[in-house]
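Have a look at the structure below, then the notes.
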Amino acid sequence: NIKPTPEQVDSYLSSKLLHPDYGKDPTFAKNLERIKEHDIPQIQITPLQGQFLSLLVRSIGAERVLEIGTLTGYSTSYISKALPYHGRIDTLEINEKHSKIAQENFLESDLFPFPKIHLGPALKTLKTLKIPEEGLYDFIFIDANKDQVLDYFLESIKMLRKGGLIVVDNAIREGKIIPSSEQSSTIEVEGFRKLYDWLEQDNGKTVLASGIQTVSSKSWDGFLIMTKLV
Ligand code: DHB
Ligand code: MG
């Protein structure tokens, strides 16, 4: 009696659910090839997680998206594909090499709306970024360096409309986010603990939040998902 693994379930779900215009679009396989070719860390979201972002974006009718942490634009592409043609997506990336590969991917995939990459440290960009003329952002995806996750959250939520969504990747980190005397902490988990402490203090005034733990072909991790209440 062998128990199926999360990896096997991920494969099963992928075979049943990946959509021709999303997970099965050749753009994602090409993006992964580039990641391997350039020896870039393979830390992008899974196809099913990408489609999850796509469905969230579609389900709230989002038109304007802000992404913090482009890497090679894998998640960016899932988001772009879920937006209407007149939508826009701003994506922030500190690493020039990553941003160039992302740009190549976007051009090759002929994405519409075409993501605008803002090269530089995200916090600096966030402080100078102009709110789109069309209005506040509808959706924010935070997936950059984890030590500054609270700063990214606080700066970006100012630019989110009421009822908009913020999704934060890697919010569980194999459970290491729980303070424990046995394990020495890292700047990454310390970053998330500051965000969770902020949310505890906020006590539901600013956002309604939930944490979704995920097992997948990636390790045990999860999303923190929030909607802005005010
Ligand atoms: C790491 C970062 C990520 O964004 C991710 O999805 C997985 C791992 C990391 O820094 O280790
Ligand atoms: Mg991530």
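The values are calculated or read from the model by the stated rules, or taken from the named source; none is laboratory data. Computed from a prediction, not measured in an experiment: that's the story for all the values here. Because the Cβ atoms are built from the backbone with ideal geometry, glycine has one as well, and the counts that use them run over all protein chains shown. Side chains are part of the model used for accessible areas, which takes the heavy atoms of the whole protein and leaves out ligands, DNA and RNA. Shrake-Rupley method; radii C 1.70, N 1.55, O 1.52, S 1.80 Å.
Working carefully through the options GLU174, GLU133, find the one that is in a helix (DSSP H, G or I) and over 23 Å from ASN95 (Cα atoms).
Values: GLU133 fails: in a helix (DSSP H, G or I).
So the residue among GLU174, GLU133 that is in a helix (DSSP H, G or I) and over 23 Å from ASN95 (Cα atoms) is GLU174.
Of everything in the range 108-128, what is outside any loop (DSSP other than H, G, I, E, B), without any contact (Cβ under 8 Å) to a residue 12 or more places away in the chain and not polar (S, T, N, Q)? Give them in sequence order.
LYS124
Can you name the residue in the range 177-194 that is open to solvent by 50 Å² or more (accessible area, probe 1.4 Å) and part of a helix (DSSP H, G or I) and, of all such residues, is nearest to ligand 2 (Cβ to nearest atom)?
GLU188
Being more than 11 Å from ligand 2 (Cβ to nearest atom) and either of a type outside the set (A, V, I, L, M) or surrounded by fewer than 24 Cβ atoms within 10 Å (Cβ to Cβ) (or both) is the filter here; which residues of the range 68-81 pass it? Walk me through it before giving the result.
Kept after step one, since they are more than 11 Å from ligand 2 (Cβ to nearest atom), are these residues of the range 68-81: 70, 72-73, 76-81.
Within the range 68-81, THR70, THR72, GLY73, THR76, SER77, TYR78, SER80, LYS81 meet the criteria.
Within the range 177-197, is even one residue within 22 Å of ILE60 (Cα to Cα) and of a type in the set (D, E, K, R)?
no
With respect to SER216, determine if the residue is closer than 28 Å to GLU7 by Cα, touching a Leu at 6+ places or on another chain (Cβ under 8 Å) and among the polar types (S, T, N, Q). Write out each step before concluding.
Numbers: closer than 28 Å to GLU7 by Cα: yes; touching a Leu at 6+ places or on another chain (Cβ under 8 Å): yes; among the polar types (S, T, N, Q): yes.
Yes, satisfied.
Looking only at the range 23-43, which residues are part of a helix (DSSP H, G or I) and either away from ligand 2 (no atom under 16 Å from the Cβ) or open to solvent by 60 Å² or more (accessible area, probe 1.4 Å) (or both)?
The initial filter retains those residues of the range 23-43 that are part of a helix (DSSP H, G or I), namely 26-37.
If the condition is that a residue be part of a helix (DSSP H, G or I) and either away from ligand 2 (no atom under 16 Å from the Cβ) or open to solvent by 60 Å² or more (accessible area, probe 1.4 Å) (or both), then PRO26, THR27, ALA29, LYS30, GLU33, ARG34, LYS36, GLU37 are the ones that fit.
Given the residues THR91, THR46, which is the only one that is hydroxyl-bearing (Ser, Thr, Tyr) and either away from ligand 2 (no atom under 16 Å from the Cβ) or touching a residue at least 40 places away in the same chain (Cβ under 8 Å) (or both)?
Details: THR91 fails: either away from ligand 2 (no atom under 16 Å from the Cβ) or touching a residue at least 40 places away in the same chain (Cβ under 8 Å) (or both).
Among THR91, THR46, only THR46 is hydroxyl-bearing (Ser, Thr, Tyr) and either away from ligand 2 (no atom under 16 Å from the Cβ) or touching a residue at least 40 places away in the same chain (Cβ under 8 Å) (or both).
When the residues of the range 195-217 are filtered to those that are assigned to a loop (DSSP other than H, G, I, E, B) and touching a Pro at 6+ places or on another chain (Cβ under 9 Å), which remaining residue is most open to solvent (accessible area, probe 1.4 Å)?
Taking the range 195-217 and keeping what is assigned to a loop (DSSP other than H, G, I, E, B), we get 203-206, 215-217.
Among the residues that remain, those that are also touching a Pro at 6+ places or on another chain (Cβ under 9 Å) are: 215-217.
Values: VAL215: 93, SER216: 7, SER217: 70 Å².
Across the range 195-217, the extreme among qualifying residues is VAL215.
For PHE141, all conditions in the list (1) surrounded by fewer than 19 Cβ atoms within 10 Å (Cβ to Cβ); (2) part of a strand (DSSP E or B); (3) within 12 Å of ligand 1 (Cβ to nearest atom); (4) not β-branched (Val, Ile, Thr) hold save one; what is the number of the exception?
(1)
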